[in-house]
1. I'm trying to understand the selection: among the residues of the stretch 132-155, which are touching a helix residue (DSSP H, G or I) at 6+ places or on another chain (Cβ under 7 Å) and among the aliphatic types (A, V, I, L, M)?
2. Looking at LEU29, LEU15 in this structure, which one is under 19 Å from the mean Cα position of the chain (by Cα) and in contact (Cβ under 8 Å) with a residue 24 or more places away in the chain?
3. What's the number of the only condition in (1) in contact with a helix residue (DSSP H, G or I) (Cβ under 8 Å, 6 or more places away or on another chain); (2) at pLDDT 80 or above that TRP30 fails to meet?
4. Take the stretch 59-78 and flag every residue that is surrounded by 15 or more Cβ atoms within 10 Å (Cβ to Cβ) and either without any contact (Cβ under 8 Å) to a residue 60 or more places away in the chain or under 17 Å from GLN39 (Cα atoms) (or both).
5. Can you tell me which residue is farthest from SER32 (Cα to Cα) among those in the stretch 109-133 that are of a type in the set (A, V, I, L, M, F, W, C) and surrounded by fewer than 16 Cβ atoms within 10 Å (Cβ to Cβ)?
6. State the number of residues belonging to the stretch 41-82 that are within 25 Å of GLY125 (Cβ to Cβ) and part of a helix (DSSP H, G or I).
7. Here is a list of conditions, (1) touching a strand residue (DSSP E or B) at 6+ places or on another chain (Cβ under 7 Å); (2) more than 17 Å from PHE31 (Cα to Cα); (3) surrounded by 14 or more Cβ atoms within 10 Å (Cβ to Cβ), and ALA93 meets all of them except one; can you say which number that is?
Amino acid sequence: MELFTNIMNSLNSVLWSMPLVFLCLGAGLWFSIRMKFPQVRMVKEMVHLLVHGEKSDTGITPFQAFAATVGSRVGMGNIAGVATAIFFGGPGAVFWMWVIAFIGASSAFMESSLAQAYKTKTGNGEYLGGPAYFIEREIKCKPYALTMTLWKQKQKNISRN
């Protein structure tokens, strides 16, 4: 058991280090540039759909979709993380949080786009999809897709508690 713990600690120290931070920031910046900054370019369309969107017979209203998205992305970890960052970093931390949120918005937009592009309809009319479906069908790596699904489920359980 101690060997397993040492292996996991070594893997953890590599994964949750500065290279991962730079990889996430680089991906967000690349998505922003490649998609022509949708977090700015599509604000007008977002507000229009949020206010004037109509409910379809088979779906939900745009406001319900917005509320579900915010509910799935913002949890106690985000709220506690902001409070901790402000406490330890002071007022300057707020500026960097806005910068990171701006860059991260393009990653969230890309994730949501993949969720819409790779979905399947079940026999009872429900839709299943998301990044795990993309990984399984396009990258052809079912073990990673399963790992990602289990990790997201674990994160949801943690945020509920």
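1. First pass over the stretch 132-155, keeping only residues touching a helix residue (DSSP H, G or I) at 6+ places or on another chain (Cβ under 7 Å): 132, 134-136, 141-142, 144-145, 148-149.
Hits for the stretch 132-155 are ALA132, ILE135, ALA145, MET148.
2. LEU29
3. (1)
4. To start, the set of residues in the stretch 59-78 that are surrounded by 15 or more Cβ atoms within 10 Å (Cβ to Cβ) comprises 62, 65-66, 75.
The answer is PRO62, ALA65, PHE66.
5. Of the residues in the stretch 109-133, the ones of a type in the set (A, V, I, L, M, F, W, C) are 109-110, 114-115, 117, 128, 132.
Right, trim to surrounded by fewer than 16 Cβ atoms within 10 Å (Cβ to Cβ) and you get 117, 128.
Details: ALA117: 19, LEU128: 27 Å.
The extreme case among them is LEU128.
6. Narrowing the stretch 41-82 to residues within 25 Å of GLY125 (Cβ to Cβ): 49, 53-69, 71-72.
Now drop any that are not part of a helix (DSSP H, G or I), which leaves 49, 62-69, 71-72.
Summing the residues that are within 25 Å of GLY125 (Cβ to Cβ) and part of a helix (DSSP H, G or I) in the stretch 41-82 gives 11.
7. (1)
Let's see how each residue does on (1) over 20 Å from LEU49 (Cβ atoms); (2) touching a residue at least 40 places away in the same chain (Cβ under 8 Å); (3) out of contact with any helix residue (DSSP H, G or I) (no Cβ under 7 Å at 6 or more places or on another chain):
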{"site": "ALA80", "(1), (2), (3)": "yes, no, yes"}
{"site": "ALA85", "(1), (2), (3)": "yes, no, no"}
{"site": "PRO91", "(1), (2), (3)": "yes, no, yes"}
{"site": "MET97", "(1), (2), (3)": "yes, no, no"}
{"site": "ALA115", "(1), (2), (3)": "no, no, no"}
{"site": "GLY130", "(1), (2), (3)": "yes, no, no"}
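The values are calculated or read from the model by the stated rules, or taken from the named source; none is laboratory data. All values reported here derive from a predicted model rather than from experimental measurement. For neighbour counting, all protein chains shown are included, and Cβ atoms are generated from backbone atoms with ideal geometry for every residue, glycine included.
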